[in-house]
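Below you'll find the structure, written out as C-alpha coordinates, and then a few comments.
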There are 2 protein chains.
Amino acid sequence: MNVRTTETEAISPRPLHGEVAERLRRLIIHGEIPPGERLNERLLAERFSISRTPLRDALKLLSAEGLVEILPYRGAVVSRVTLDEAEGLFQVLSALEGLAGDLACQKATEADIAEIEALHADMRRHYERGELDEYFALNQRIHQAIVNCAQNAELTAIHSRLAQRIRCVRYVANFSPARWTRAMAEHEEILEALRQRDGVRLQNLLKTHLGRKFESVREWLLANQG
Amino acid sequence: MNVRTTETEAISPRPLHGEVAERLRRLIIHGEIPPGERLNERLLAERFSISRTPLRDALKLLSAEGLVEILPYRGAVVSRVTLDEAEGLFQVLSALEGLAGDLACQKATEADIAEIEALHADMRRHYERGELDEYFALNQRIHQAIVNCAQNAELTAIHSRLAQRIRCVRYVANFSPARWTRAMAEHEEILEALRQRDGVRLQNLLKTHLGRKFESVREWLLANQG
DNA sequence: CGCCTCCCATCGGTATACAATACGCAACGA
DNA sequence: TCGTTGCGTATTGTATACCGATGGGAGGCG
(Lines give C-alpha, C1' and ligand atoms only; values in the text may rest on other atoms or scores of the structure.)
Protein backbone atom coordinates (compact mmCIF):
# COMPACT_ATOMS: atom_id res chain seq x y z
CA MET A 1 0.00 0.00 0.00
CA ASN A 2 1.30 3.37 -0.97
CA VAL A 3 1.92 5.78 1.86
CA ARG A 4 0.31 8.68 0.04
CA THR A 5 -3.04 6.93 -0.28
CA THR A 6 -3.37 6.91 3.48
CA GLU A 7 -4.03 10.62 3.34
CA THR A 8 -7.45 12.02 2.58
CA GLU A 9 -6.44 13.10 -0.88
CA ALA A 10 -7.41 10.38 -3.28
CA ILE A 11 -4.88 10.37 -6.06
CA SER A 12 -1.98 12.72 -6.43
CA PRO A 13 1.19 11.49 -8.04
CA ARG A 14 3.64 14.28 -7.25
CA PRO A 15 6.78 14.40 -9.30
CA LEU A 16 9.94 15.25 -7.47
CA HIS A 17 10.46 18.64 -9.08
CA GLY A 18 7.13 19.76 -7.67
CA GLU A 19 8.20 18.96 -4.14
CA VAL A 20 11.56 20.61 -4.68
CA ALA A 21 9.93 23.72 -6.13
CA GLU A 22 7.72 24.00 -3.07
CA ARG A 23 10.65 23.68 -0.68
CA LEU A 24 12.65 26.26 -2.61
CA ARG A 25 9.66 28.58 -2.68
CA ARG A 26 9.35 28.45 1.09
CA LEU A 27 13.06 29.06 1.54
CA ILE A 28 12.96 32.10 -0.74
CA ILE A 29 9.73 33.60 0.60
CA HIS A 30 10.83 33.21 4.19
CA GLY A 31 14.06 34.95 3.31
CA GLU A 32 16.28 32.01 4.22
CA ILE A 33 17.80 32.38 0.78
CA PRO A 34 18.29 36.13 0.43
CA PRO A 35 17.61 38.05 -2.79
CA GLY A 36 20.57 38.21 -5.12
CA GLU A 37 21.92 34.89 -3.89
CA ARG A 38 23.25 32.62 -6.61
CA LEU A 39 21.70 29.19 -6.74
CA ASN A 40 24.36 26.61 -7.51
CA GLU A 41 22.66 23.63 -9.07
CA ARG A 42 25.10 21.02 -7.87
CA LEU A 43 25.13 22.28 -4.29
CA LEU A 44 21.35 22.48 -4.09
CA ALA A 45 20.93 19.06 -5.66
CA GLU A 46 23.32 17.66 -3.08
CA ARG A 47 21.47 19.50 -0.32
CA PHE A 48 18.13 17.97 -1.32
CA SER A 49 19.74 14.59 -2.07
CA ILE A 50 18.45 14.54 -5.62
CA SER A 51 19.89 14.83 -9.09
CA ARG A 52 20.37 18.05 -10.99
CA THR A 53 17.57 17.31 -13.43
CA PRO A 54 14.54 17.71 -11.14
CA LEU A 55 16.28 20.62 -9.45
CA ARG A 56 16.64 22.37 -12.79
CA ASP A 57 12.97 21.70 -13.47
CA ALA A 58 12.12 23.31 -10.16
CA LEU A 59 14.24 26.35 -10.98
CA LYS A 60 12.47 26.69 -14.31
CA LEU A 61 9.18 26.69 -12.48
CA LEU A 62 10.27 29.34 -10.01
CA SER A 63 11.65 31.34 -12.90
CA ALA A 64 8.25 31.30 -14.56
CA GLU A 65 6.76 32.42 -11.25
CA GLY A 66 9.23 35.27 -11.13
CA LEU A 67 10.88 34.24 -7.87
CA VAL A 68 14.23 33.57 -9.51
CA GLU A 69 15.92 34.79 -12.66
CA ILE A 70 17.89 32.50 -14.91
CA LEU A 71 20.77 34.03 -16.85
CA PRO A 72 22.10 31.93 -19.72
CA TYR A 73 25.28 30.10 -18.79
CA ARG A 74 25.43 32.03 -15.53
CA GLY A 75 22.90 30.28 -13.42
CA ALA A 76 19.88 31.25 -11.34
CA VAL A 77 19.70 34.00 -8.75
CA VAL A 78 16.92 34.93 -6.36
CA SER A 79 15.04 37.88 -7.81
CA ARG A 80 15.80 41.19 -6.20
CA VAL A 81 12.70 43.37 -6.13
CA THR A 82 13.48 46.98 -6.87
CA LEU A 83 11.23 49.89 -6.00
CA ASP A 84 10.04 50.29 -9.57
CA GLU A 85 9.25 46.61 -9.84
CA ALA A 86 7.39 46.72 -6.55
CA GLU A 87 5.31 49.61 -7.83
CA GLY A 88 4.49 47.65 -10.95
CA LEU A 89 3.58 44.57 -8.99
CA PHE A 90 1.27 46.54 -6.71
CA GLN A 91 -0.39 48.21 -9.69
CA VAL A 92 -1.20 44.85 -11.23
CA LEU A 93 -2.20 43.36 -7.90
CA SER A 94 -4.56 46.27 -7.28
CA ALA A 95 -6.26 45.78 -10.61
CA LEU A 96 -6.61 42.05 -10.01
CA GLU A 97 -7.92 42.33 -6.47
CA GLY A 98 -10.26 45.05 -7.61
CA LEU A 99 -11.67 42.69 -10.20
CA ALA A 100 -11.79 39.92 -7.63
CA GLY A 101 -13.71 42.10 -5.21
CA ASP A 102 -16.26 43.01 -7.82
CA LEU A 103 -16.75 39.40 -8.85
CA ALA A 104 -16.76 38.17 -5.26
CA CYS A 105 -19.75 40.37 -4.47
CA GLN A 106 -21.62 38.62 -7.26
CA LYS A 107 -20.53 35.05 -6.73
CA ALA A 108 -19.64 34.55 -3.08
CA THR A 109 -21.87 32.21 -1.13
CA GLU A 110 -23.01 33.01 2.38
CA ALA A 111 -20.66 30.28 3.58
CA ASP A 112 -17.77 32.00 1.81
CA ILE A 113 -18.54 35.27 3.52
CA ALA A 114 -18.95 33.57 6.86
CA GLU A 115 -15.55 31.98 6.46
CA ILE A 116 -13.96 35.32 5.65
CA GLU A 117 -15.66 36.85 8.65
CA ALA A 118 -14.16 34.14 10.81
CA LEU A 119 -10.72 34.81 9.40
CA HIS A 120 -11.26 38.50 9.99
CA ALA A 121 -12.26 37.98 13.60
CA ASP A 122 -9.20 35.82 14.09
CA MET A 123 -7.01 38.47 12.54
CA ARG A 124 -8.51 41.13 14.79
CA ARG A 125 -7.58 39.09 17.83
CA HIS A 126 -3.99 38.85 16.70
CA TYR A 127 -4.01 42.56 15.97
CA GLU A 128 -5.20 43.36 19.47
CA ARG A 129 -2.48 41.17 20.91
CA GLY A 130 0.13 42.78 18.69
CA GLU A 131 1.07 39.47 17.06
CA LEU A 132 2.41 40.72 13.75
CA ASP A 133 3.37 37.43 12.12
CA GLU A 134 0.02 35.81 12.73
CA TYR A 135 -1.71 39.00 11.61
CA PHE A 136 0.15 38.96 8.33
CA ALA A 137 -0.64 35.31 7.73
CA LEU A 138 -4.35 35.85 8.32
CA ASN A 139 -4.28 39.03 6.26
CA GLN A 140 -2.84 37.05 3.39
CA ARG A 141 -5.45 34.32 3.77
CA ILE A 142 -8.28 36.85 3.75
CA HIS A 143 -7.15 38.47 0.53
CA GLN A 144 -6.70 35.03 -0.96
CA ALA A 145 -10.17 33.99 0.17
CA ILE A 146 -11.73 37.03 -1.47
CA VAL A 147 -9.95 36.22 -4.71
CA ASN A 148 -11.13 32.63 -4.48
CA CYS A 149 -14.73 33.83 -4.26
CA ALA A 150 -14.40 35.25 -7.76
CA GLN A 151 -14.30 31.65 -9.03
CA ASN A 152 -11.77 32.48 -11.69
CA ALA A 153 -8.93 29.97 -11.86
CA GLU A 154 -6.56 32.13 -13.85
CA LEU A 155 -7.18 35.11 -11.60
CA THR A 156 -6.46 32.99 -8.55
CA ALA A 157 -3.26 31.62 -10.05
CA ILE A 158 -1.83 34.96 -11.12
CA HIS A 159 -2.80 36.62 -7.88
CA SER A 160 -1.12 33.89 -5.91
CA ARG A 161 2.09 34.26 -7.86
CA LEU A 162 2.23 38.02 -7.51
CA ALA A 163 1.36 37.87 -3.83
CA GLN A 164 4.24 35.46 -3.28
CA ARG A 165 6.70 37.75 -4.98
CA ILE A 166 5.55 40.70 -2.94
CA ARG A 167 5.55 38.73 0.28
CA CYS A 168 9.35 38.49 0.06
CA VAL A 169 9.44 42.23 0.50
CA ARG A 170 6.41 42.87 2.63
CA TYR A 171 7.43 40.29 5.19
CA VAL A 172 10.03 42.62 6.57
CA ALA A 173 8.15 45.82 5.93
CA ASN A 174 7.32 46.45 9.56
CA PHE A 175 4.91 49.30 9.32
CA SER A 176 4.05 51.78 12.05
CA PRO A 177 1.40 51.16 14.72
CA ALA A 178 -0.64 53.98 13.23
CA ARG A 179 -0.57 52.34 9.83
CA TRP A 180 -1.49 49.03 11.40
CA THR A 181 -4.54 50.52 13.06
CA ARG A 182 -5.56 52.11 9.81
CA ALA A 183 -5.08 48.86 7.88
CA MET A 184 -7.29 47.10 10.38
CA ALA A 185 -9.99 49.73 9.89
CA GLU A 186 -9.74 49.33 6.14
CA HIS A 187 -10.26 45.61 6.53
CA GLU A 188 -13.40 46.32 8.53
CA GLU A 189 -14.72 48.39 5.66
CA ILE A 190 -13.74 45.72 3.18
CA LEU A 191 -15.67 43.09 5.05
CA GLU A 192 -18.67 45.37 5.34
CA ALA A 193 -18.72 46.03 1.61
CA LEU A 194 -18.53 42.31 0.97
CA ARG A 195 -21.41 41.64 3.36
CA GLN A 196 -23.50 44.22 1.54
CA ARG A 197 -22.27 42.85 -1.77
CA ASP A 198 -21.38 46.35 -2.91
CA GLY A 199 -19.08 45.45 -5.77
CA VAL A 200 -17.82 48.85 -6.82
CA ARG A 201 -17.21 49.92 -3.23
CA LEU A 202 -15.32 46.74 -2.42
CA GLN A 203 -13.30 47.20 -5.57
CA ASN A 204 -12.31 50.73 -4.61
CA LEU A 205 -11.59 49.77 -1.02
CA LEU A 206 -9.27 46.97 -2.06
CA LYS A 207 -7.46 49.20 -4.51
CA THR A 208 -6.85 51.99 -2.02
CA HIS A 209 -5.96 49.41 0.64
CA LEU A 210 -3.25 47.99 -1.61
CA GLY A 211 -2.18 51.47 -2.59
CA ARG A 212 -1.56 52.30 1.05
CA LYS A 213 0.21 49.02 1.55
CA PHE A 214 2.52 49.97 -1.29
CA GLU A 215 3.23 53.31 0.29
CA SER A 216 4.41 51.54 3.41
CA VAL A 217 6.55 49.19 1.38
CA ARG A 218 7.87 52.13 -0.61
CA GLU A 219 9.04 53.92 2.48
CA TRP A 220 10.72 50.82 3.77
CA LEU A 221 12.50 50.19 0.49
CA LEU A 222 13.67 53.79 0.26
CA ALA A 223 15.00 53.65 3.80
CA ASN A 224 16.67 50.27 3.61
CA GLN A 225 17.97 49.60 0.15
CA GLY A 226 18.15 53.03 -1.40
CA MET B 1 32.77 34.77 -34.83
CA ASN B 2 29.45 33.58 -33.67
CA VAL B 3 26.66 33.71 -36.22
CA ARG B 4 24.18 35.17 -33.77
CA THR B 5 26.30 38.23 -33.10
CA THR B 6 25.95 39.28 -36.70
CA GLU B 7 22.38 40.26 -35.99
CA THR B 8 21.50 43.67 -34.68
CA GLU B 9 20.81 42.41 -31.19
CA ALA B 10 23.95 42.98 -29.18
CA ILE B 11 24.22 40.08 -26.77
CA SER B 12 21.73 37.29 -26.58
CA PRO B 13 22.91 33.78 -25.93
CA ARG B 14 19.70 31.88 -26.52
CA PRO B 15 19.53 28.44 -24.99
CA LEU B 16 18.02 25.76 -27.10
CA HIS B 17 14.90 25.29 -25.02
CA GLY B 18 14.03 28.92 -25.62
CA GLU B 19 14.10 28.44 -29.36
CA VAL B 20 12.11 25.24 -29.10
CA ALA B 21 9.54 26.87 -26.85
CA GLU B 22 9.07 29.64 -29.39
CA ARG B 23 8.60 27.21 -32.23
CA LEU B 24 6.12 25.15 -30.24
CA ARG B 25 4.27 28.29 -29.22
CA ARG B 26 3.83 29.29 -32.84
CA LEU B 27 2.65 25.82 -33.76
CA ILE B 28 0.08 25.82 -30.99
CA ILE B 29 -1.16 29.38 -31.48
CA HIS B 30 -1.53 28.92 -35.21
CA GLY B 31 -3.54 25.80 -34.56
CA GLU B 32 -1.12 23.48 -36.35
CA ILE B 33 -1.12 21.41 -33.20
CA PRO B 34 -4.79 21.28 -32.22
CA PRO B 35 -6.03 21.55 -28.62
CA GLY B 36 -6.21 18.23 -26.84
CA GLU B 37 -3.36 16.79 -28.88
CA ARG B 38 -0.87 14.74 -26.92
CA LEU B 39 2.72 15.89 -27.21
CA ASN B 40 5.02 12.89 -27.42
CA GLU B 41 8.42 13.94 -26.17
CA ARG B 42 10.40 11.44 -28.21
CA LEU B 43 8.62 12.27 -31.47
CA LEU B 44 8.90 16.03 -30.96
CA ALA B 45 12.55 15.78 -30.00
CA GLU B 46 13.17 13.78 -33.16
CA ARG B 47 11.18 16.30 -35.19
CA PHE B 48 13.29 19.21 -33.94
CA SER B 49 16.48 17.16 -34.11
CA ILE B 50 17.28 17.72 -30.46
CA SER B 51 17.38 15.68 -27.30
CA ARG B 52 14.49 15.19 -24.93
CA THR B 53 16.00 17.38 -22.22
CA PRO B 54 15.65 20.81 -23.86
CA LEU B 55 12.29 19.75 -25.25
CA ARG B 56 11.08 18.93 -21.77
CA ASP B 57 12.35 22.33 -20.61
CA ALA B 58 10.34 23.96 -23.37
CA LEU B 59 7.22 22.05 -22.36
CA LYS B 60 7.69 23.17 -18.77
CA LEU B 61 7.84 26.75 -20.01
CA LEU B 62 4.68 26.41 -22.07
CA SER B 63 3.02 24.75 -19.12
CA ALA B 64 3.80 27.77 -16.97
CA GLU B 65 2.34 29.95 -19.71
CA GLY B 66 -0.80 27.85 -19.70
CA LEU B 67 -0.54 26.74 -23.32
CA VAL B 68 -0.07 23.08 -22.41
CA GLU B 69 -0.94 20.97 -19.42
CA ILE B 70 1.42 18.37 -18.02
CA LEU B 71 -0.11 15.34 -16.35
CA PRO B 72 2.27 13.26 -14.25
CA TYR B 73 3.45 10.13 -16.05
CA ARG B 74 0.92 10.82 -18.80
CA GLY B 75 2.61 13.53 -20.77
CA ALA B 76 1.74 16.97 -22.05
CA VAL B 77 -1.37 17.94 -23.98
CA VAL B 78 -2.28 21.22 -25.65
CA SER B 79 -4.66 23.10 -23.35
CA ARG B 80 -8.28 23.02 -24.42
CA VAL B 81 -9.96 26.33 -23.58
CA THR B 82 -13.49 25.85 -22.32
CA LEU B 83 -16.13 28.56 -22.29
CA ASP B 84 -15.80 29.12 -18.57
CA GLU B 85 -12.04 29.41 -18.85
CA ALA B 86 -12.39 31.84 -21.74
CA GLU B 87 -14.70 33.98 -19.65
CA GLY B 88 -12.19 33.99 -16.82
CA LEU B 89 -9.36 34.88 -19.15
CA PHE B 90 -11.28 37.78 -20.64
CA GLN B 91 -12.22 39.06 -17.20
CA VAL B 92 -8.59 39.18 -16.18
CA LEU B 93 -7.49 40.58 -19.51
CA SER B 94 -10.09 43.34 -19.24
CA ALA B 95 -8.85 44.35 -15.83
CA LEU B 96 -5.25 44.34 -17.01
CA GLU B 97 -5.87 46.29 -20.22
CA GLY B 98 -8.01 48.70 -18.27
CA LEU B 99 -5.11 49.34 -15.94
CA ALA B 100 -2.77 49.59 -18.90
CA GLY B 101 -4.98 52.15 -20.60
CA ASP B 102 -5.11 54.29 -17.49
CA LEU B 103 -1.35 54.16 -17.05
CA ALA B 104 -0.70 54.66 -20.74
CA CYS B 105 -2.52 57.99 -20.67
CA GLN B 106 -0.11 59.11 -17.98
CA LYS B 107 3.13 57.70 -19.28
CA ALA B 108 2.94 57.43 -23.05
CA THR B 109 5.26 59.68 -25.00
CA GLU B 110 4.12 61.50 -28.10
CA ALA B 111 6.26 59.08 -30.09
CA ASP B 112 4.43 56.14 -28.54
CA ILE B 113 1.07 57.61 -29.51
CA ALA B 114 2.30 58.39 -33.00
CA GLU B 115 3.41 54.79 -33.40
CA ILE B 116 0.04 53.50 -32.27
CA GLU B 117 -1.65 55.89 -34.67
CA ALA B 118 0.46 54.47 -37.46
CA LEU B 119 -0.49 50.95 -36.51
CA HIS B 120 -4.11 52.02 -36.37
CA ALA B 121 -3.99 53.57 -39.82
CA ASP B 122 -2.40 50.41 -41.13
CA MET B 123 -5.07 48.31 -39.51
CA ARG B 124 -7.78 50.48 -41.01
CA ARG B 125 -6.37 49.88 -44.46
CA HIS B 126 -6.49 46.14 -43.95
CA TYR B 127 -10.01 46.47 -42.60
CA GLU B 128 -11.14 48.34 -45.68
CA ARG B 129 -9.60 45.69 -47.90
CA GLY B 130 -11.21 42.93 -45.86
CA GLU B 131 -7.89 41.32 -44.98
CA LEU B 132 -8.81 39.59 -41.77
CA ASP B 133 -5.49 37.97 -40.88
CA GLU B 134 -3.51 41.16 -41.23
CA TYR B 135 -6.22 43.03 -39.34
CA PHE B 136 -5.96 40.61 -36.45
CA ALA B 137 -2.19 40.87 -36.38
CA LEU B 138 -2.27 44.68 -36.26
CA ASN B 139 -5.08 44.60 -33.74
CA GLN B 140 -2.93 42.46 -31.50
CA ARG B 141 0.05 44.74 -31.93
CA ILE B 142 -2.01 47.81 -31.04
CA HIS B 143 -3.26 46.33 -27.81
CA GLN B 144 0.25 45.21 -27.03
CA ALA B 145 1.62 48.68 -27.77
CA ILE B 146 -0.89 50.28 -25.42
CA VAL B 147 0.14 47.87 -22.69
CA ASN B 148 3.78 48.65 -23.35
CA CYS B 149 3.10 52.34 -22.80
CA ALA B 150 2.20 51.56 -19.21
CA GLN B 151 5.90 50.81 -18.62
CA ASN B 152 5.13 47.97 -16.27
CA ALA B 153 7.19 44.88 -17.01
CA GLU B 154 5.03 42.46 -15.05
CA LEU B 155 1.87 43.82 -16.62
CA THR B 156 3.36 43.41 -20.07
CA ALA B 157 4.46 39.86 -19.35
CA ILE B 158 1.15 38.66 -17.95
CA HIS B 159 -0.84 40.38 -20.64
CA SER B 160 1.28 38.76 -23.31
CA ARG B 161 0.75 35.32 -21.84
CA LEU B 162 -3.00 35.70 -21.54
CA ALA B 163 -3.31 37.19 -25.00
CA GLN B 164 -1.46 34.21 -26.42
CA ARG B 165 -3.78 31.76 -24.74
CA ILE B 166 -6.81 33.58 -26.02
CA ARG B 167 -5.39 33.92 -29.50
CA CYS B 168 -5.65 30.16 -29.92
CA VAL B 169 -9.41 30.57 -29.71
CA ARG B 170 -9.90 34.00 -31.21
CA TYR B 171 -7.90 33.15 -34.28
CA VAL B 172 -10.72 31.05 -35.61
CA ALA B 173 -13.51 33.17 -34.18
CA ASN B 174 -14.50 34.68 -37.50
CA PHE B 175 -16.91 37.33 -36.38
CA SER B 176 -19.61 38.99 -38.46
CA PRO B 177 -19.00 41.99 -40.75
CA ALA B 178 -21.25 44.06 -38.49
CA ARG B 179 -19.15 43.17 -35.47
CA TRP B 180 -16.02 43.97 -37.45
CA THR B 181 -17.28 47.43 -38.32
CA ARG B 182 -18.19 48.02 -34.72
CA ALA B 183 -14.82 46.85 -33.47
CA MET B 184 -13.13 49.23 -35.87
CA ALA B 185 -15.24 52.10 -34.52
CA GLU B 186 -14.32 51.12 -30.97
CA HIS B 187 -10.67 51.27 -31.92
CA GLU B 188 -11.20 54.78 -33.27
CA GLU B 189 -12.62 55.80 -29.91
CA ILE B 190 -9.78 54.08 -28.10
CA LEU B 191 -7.21 55.99 -30.09
CA GLU B 192 -9.04 59.24 -29.52
CA ALA B 193 -9.13 58.71 -25.76
CA LEU B 194 -5.42 57.97 -25.82
CA ARG B 195 -4.72 61.13 -27.81
CA GLN B 196 -6.65 63.18 -25.28
CA ARG B 197 -4.99 61.22 -22.47
CA ASP B 198 -8.36 60.56 -20.90
CA GLY B 199 -7.38 57.69 -18.64
CA VAL B 200 -10.74 56.70 -17.22
CA ARG B 201 -12.41 56.86 -20.61
CA LEU B 202 -9.71 54.77 -22.25
CA GLN B 203 -9.98 52.29 -19.41
CA ASN B 204 -13.71 51.92 -19.89
CA LEU B 205 -13.42 51.74 -23.66
CA LEU B 206 -10.87 48.96 -23.47
CA LYS B 207 -12.94 47.01 -20.98
CA THR B 208 -16.12 47.19 -23.03
CA HIS B 209 -14.14 46.48 -26.18
CA LEU B 210 -12.82 43.27 -24.67
CA GLY B 211 -16.24 42.47 -23.28
CA ARG B 212 -17.69 42.60 -26.78
CA LYS B 213 -14.82 40.55 -28.10
CA PHE B 214 -15.64 37.93 -25.51
CA GLU B 215 -19.25 37.91 -26.60
CA SER B 216 -18.16 37.09 -30.11
CA VAL B 217 -15.87 34.34 -28.87
CA ARG B 218 -18.64 33.07 -26.61
CA GLU B 219 -21.03 32.67 -29.50
CA TRP B 220 -18.44 30.90 -31.56
CA LEU B 221 -17.59 28.52 -28.74
CA LEU B 222 -21.24 27.76 -28.08
CA ALA B 223 -21.83 27.08 -31.77
CA ASN B 224 -18.75 25.00 -32.42
CA GLN B 225 -17.77 23.04 -29.35
CA GLY B 226 -20.92 23.15 -27.29
C1' DC C 1 53.07 49.89 -12.90
C1' DG C 2 48.86 49.14 -15.39
C1' DC C 3 46.33 46.89 -18.92
C1' DC C 4 45.46 43.36 -21.95
C1' DT C 5 45.51 38.50 -23.24
C1' DC C 6 45.37 33.86 -22.62
C1' DC C 7 44.44 29.84 -19.94
C1' DC C 8 42.06 27.02 -16.80
C1' DA C 9 38.70 25.86 -13.35
C1' DT C 10 33.86 25.94 -12.61
C1' DC C 11 29.30 25.62 -13.79
C1' DG C 12 25.29 25.53 -16.73
C1' DG C 13 23.32 23.30 -21.19
C1' DT C 14 22.71 19.12 -23.68
C1' DA C 15 22.71 14.23 -24.64
C1' DT C 16 22.08 9.64 -23.23
C1' DA C 17 21.08 5.71 -20.04
C1' DC C 18 18.25 3.74 -16.45
C1' DA C 19 14.03 3.34 -13.42
C1' DA C 20 9.11 3.98 -12.52
C1' DT C 21 4.52 4.41 -14.03
C1' DA C 22 0.37 4.11 -16.99
C1' DC C 23 -2.31 2.21 -20.75
C1' DG C 24 -3.76 -1.64 -23.86
C1' DC C 25 -4.43 -6.33 -24.69
C1' DA C 26 -5.06 -10.91 -23.91
C1' DA C 27 -6.10 -14.79 -21.11
C1' DC C 28 -8.66 -16.60 -17.40
C1' DG C 29 -12.72 -17.36 -14.58
C1' DA C 30 -17.54 -16.67 -13.31
C1' DT D 1 -20.47 -13.20 -22.74
C1' DC D 2 -18.69 -10.00 -19.58
C1' DG D 3 -15.76 -8.55 -15.96
C1' DT D 4 -11.31 -8.96 -13.90
C1' DT D 5 -6.54 -9.62 -13.55
C1' DG D 6 -1.98 -10.00 -15.00
C1' DC D 7 1.61 -8.95 -18.24
C1' DG D 8 4.01 -6.38 -21.99
C1' DT D 9 4.99 -2.22 -24.19
C1' DA D 10 5.33 2.54 -24.61
C1' DT D 11 6.21 6.82 -22.39
C1' DT D 12 7.46 9.79 -18.77
C1' DG D 13 10.53 10.90 -14.63
C1' DT D 14 15.23 10.69 -12.82
C1' DA D 15 20.19 10.06 -12.79
C1' DT D 16 24.62 10.48 -14.84
C1' DA D 17 28.16 11.72 -18.42
C1' DC D 18 29.84 14.97 -21.70
C1' DC D 19 30.38 19.46 -24.00
C1' DG D 20 30.69 24.27 -24.31
C1' DA D 21 30.51 28.85 -22.28
C1' DT D 22 31.82 32.02 -18.76
C1' DG D 23 34.66 34.47 -15.59
C1' DG D 24 38.53 35.11 -12.81
C1' DG D 25 43.45 34.97 -12.24
C1' DA D 26 48.20 34.51 -13.75
C1' DG D 27 51.45 35.96 -16.90
C1' DG D 28 53.28 38.85 -20.52
C1' DC D 29 53.49 43.18 -23.02
C1' DG D 30 53.34 48.19 -23.47
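The values are calculated or read from the model by the stated rules, or taken from the named source; none is laboratory data. Everything numeric in this text was worked out from a predicted model, so none of it was measured. Please note: Cβ atoms are built from the backbone with ideal geometry, for glycine as well, and neighbour counts cover all protein chains shown.
Brief remarks on what is shown
- Answer residue from segment B:31-54, given it is within 10 Å of DNA strand C (Cβ to nearest atom) and of a type in the set (G, A, S) and is farthest from the other protein chains (Cβ to nearest Cβ) among those: B:S49
- Positions within segment A:49-68 being hydroxyl-bearing (S, T, Y) and farther than 18 Å from A:A157 by Cβ, in sequence order: A:S49, A:S51, A:T53
- Screening segment B:55-99 for residues that are more than 9 Å from chain A (Cβ to nearest Cβ) and among the small types (G, A, S) and picking the one that is surrounded by the fewest Cβ atoms within 10 Å (Cβ to Cβ) gives B:G75.
- Some residue of segment A:68-87 being away from DNA strand D (no atom under 14 Å from the Cβ) and of a type in the set (G, A, S): yes
- Evaluation of A:R141 against (1) within 16 Å of DNA strand D (Cβ to nearest atom); (2) without any contact (Cβ under 8 Å) to a residue 24 or more places away in the chain (one fails), failing number: (1)
- Tally, over segment A:192-201, of residues that are over 19 Å from B:L96 (Cβ atoms) and part of a helix (DSSP H, G or I): 5
- The residues of segment B:43-53 that are crowded, with 16+ Cβ neighbours inside 10 Å and either basic (K, R) or within 11 Å of DNA strand D (Cβ to nearest atom) (or both), listed by number, are B:L44, B:A45.
- Test for A:A10: is it among the small types (G, A, S) and modelled with pLDDT of 95 or more: no
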